[in-house]
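The values are calculated or read from the model by the stated rules, or taken from the named source; none is laboratory data. The model shown is predicted, which means the values in this text are computed figures rather than measured ones. Cβ coordinates were reconstructed from backbone atoms using ideal geometry, including for glycine residues, and neighbour counts include every protein chain displayed. Surface areas here come from the heavy atoms of the whole protein model, side chains and all, with no ligands, DNA or RNA. Shrake-Rupley method; radii C 1.70, N 1.55, O 1.52, S 1.80 Å.
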Amino acid sequence: MDVTSRIERALNEAIGQAELPGCPPRLAAAMRYAVFPRGARVRPRLCHSVAAACGEDHPAATNAAGAALELLHCASLVHDDLPCFDAAETRRGRPSVHKAFGEPLAVLTGDALIVLA
């Protein structure tokens, strides 16, 4: 499996954790919306490259670390797009999380992604 597929799989598994009972479905949907569709996934790729350069041979650990970095990055984008910061109306060619789900849920989405990471 190539690095991109491993990254996407790890992110899907992480977001799947948020979709367990107890998480409000709208929050889980907003988290998925913030993480997918994917961007360039530069941070997890960098994590994989550094691990490989250091001789790391445990891709599961690298996948988890890369996914955590990407979740943190996505959280920062959600928060950065909020009206109290940049007030960005779009992200990656579609409405930003606060436009799609409302500002209060966007704040919770970013916070939840940080905790999930």
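General remarks:
- Residue in the stretch 36-43 that is over 18 Å from residue 103 (Cα atoms) and assigned to a helix (DSSP H, G or I) present: yes
- Subset of the stretch 92-105 [within 22 Å of residue 41 (Cβ to Cβ) and either of a type in the set (D, E, K, R) or surrounded by fewer than 19 Cβ atoms within 10 Å (Cβ to Cβ) (or both)]: 92, 93, 94, 95, 100
- When the stretch 38-63 is filtered for residues that are in contact (Cβ under 8 Å) with a residue 12 or more places away in the chain and open to solvent by less than 70 Å² (accessible area, probe 1.4 Å), the ones remaining, listed by number, are 39, 41, 44, 47, 48, 51, 59, 62, 63.
- Residue that is farthest from residue 15 (Cα to Cα), among those in the stretch 80-117 that are touching a Ser or Thr at 6+ places or on another chain (Cβ under 8 Å) and among the β-branched types (Val, Ile, Thr): 90
- Only listed residue being under 23 Å from residue 23 (Cα atoms), in contact (Cβ under 8 Å) with a residue 12 or more places away in the chain, open to solvent by 60 Å² or more (accessible area, probe 1.4 Å) and among the aliphatic types (A, V, I, L, M), chosen from 108, 82, 116: 108
- Here residue 18 meets each of (1) open to solvent by less than 40 Å² (accessible area, probe 1.4 Å); (2) within 22 Å of residue 100 (Cβ to Cβ); (3) modelled with pLDDT of 90 or more with one exception, condition (3).
- Here residue 89 meets the list (1) charged (D, E, K, R); (2) more than 12 Å from the chain's Cα centre (by Cα); (3) modelled with pLDDT of 95 or more; (4) open to solvent by less than 80 Å² (accessible area, probe 1.4 Å) almost entirely, failing just condition (4).
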